[in-house]
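Structure first, commentary second.
The values are calculated or read from the model by the stated rules, or taken from the named source; none is laboratory data. As the structure is a computational prediction, the values presented were derived from the model and not from experiment. A quick note on method: Cβ atoms are made from the backbone with ideal geometry, for glycine too, and the neighbour counts reach across all protein chains shown. Each accessible area value is taken on the protein alone, full model and side chains, heavy atoms only, with ligands, DNA and RNA left out. Shrake-Rupley method; radii C 1.70, N 1.55, O 1.52, S 1.80 Å.
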Amino acid sequence: MDGLILLLVPIVALSLWGLISPRSQWRVLASWSYRDPAANEPSDAAYLGTRLVNLVIIGCLVWATVGLANLEKPGARAGATTTPTPTVEATSLAPVSTMAAVGGKELRAAFGVDEASIVRPPVSAQPPDSVPTVSVRRWQKADPGDPPAYLSNALGGQSGTWLVLGVRADAPPVGVKVDEVGFEWVSVEVHAPCSESCRTGSAGDYFLVPVQVQVQRIALNDGAVFDGTRRVAP
């Protein structure tokens with residue numbers, strides 16, 4: 001911003017000179033190019049036009065400078081939309097944070113359990129450090145237009161590409177971090193209370209965590225999802 005102001009100073013000075021005294025400006029800057037300056041001096045109407053042009057230039061410069069200054073204020077870009085960042089922001093699912101998954105063959109085939117709870121923890125770039133990261137045991141890609149039966153209406157009204165992460169924990173997850181790498185890999189962290197028996201898989205409840213990925217072309221093949229420690233089986 002400071003460099004831009006330094007660049008604009010001479011332009012503003014010339015415009016002010018042309019606005020206040022266009023005749024003296026012409027005599028200093030242009031009259032030397034004529035053999036007979038007095039005979040070629042612009043008319044009063046031409047000088048009036050010069051004043052108007054310089055007034056418009058000064059107004060545009062002031063408007064542009066004020067706009068750039070406002071953009072540099074903290075929070076000025078809070079509402080701006082940018083290209084997808086590595087961390088996926090939170091997207092609302094259902095009005096409730098936890099609901100029971102629909103049991104049946106599809107749930108068991110996808111996650112190897114007969115019962116599970118669907119929960120949407122906050123998606124954040126910095127999940128709570130005080131809560132441990134739990135292993136993602138399995139995952140499945142979900143299309144909101146044709147969701148798996150076990151999700152019921154949990155993705156109702158949504159669009160895009162979704163992953164359903166299966167984790168085992170002592171209580172519902174409290175935070176999720178999602179990083180996308182190119183078009184082929186997704187790294188996830190699910191934070192949830194988890195005892196030693198939970199970490200070994202011998203105890204704890206099973207939770208399904210739907211998260212959205214921004215890159216629609218991502219190739220979610222076998223081994224495409226990591227939970228920070230390993231590739232997660234689909």
Heavy-atom accessible area of segment 1-59 with neighbours in place, 1.4 angstrom probe: carbon+sulfur share in percent works out to 69 percent
Highest mean packing first, using Cβ neighbours within 10 angstrom, the peptides 138-149, 38-49 sort as 138-149, 38-49
Using a 1.4 Å probe on heavy atoms of the protein chains only, the accessible area for I11 in Å², nearest 10, reads 70 Å²
Quick calc: nm separation of the 7 Å Cα→Cβ label points for K105 and V66 -> 6.9 nm
Taking segment 98-191, the whole-percent share of alpha-carbon pairs separated by over 23 angstrom is 24 percent
With all protein chains in place and a 1.4 Å probe, F226 shows an accessible area in Å² (nearest 10) of 60 Å²
Mean Cβ-within-10 Å packing, highest first, puts peptides 161-174, 103-116 in the order 161-174, 103-116
With every protein chain kept in place and a 1.4 Å probe, the residues C198, C60 fall, from largest accessible area down, as C60, C198
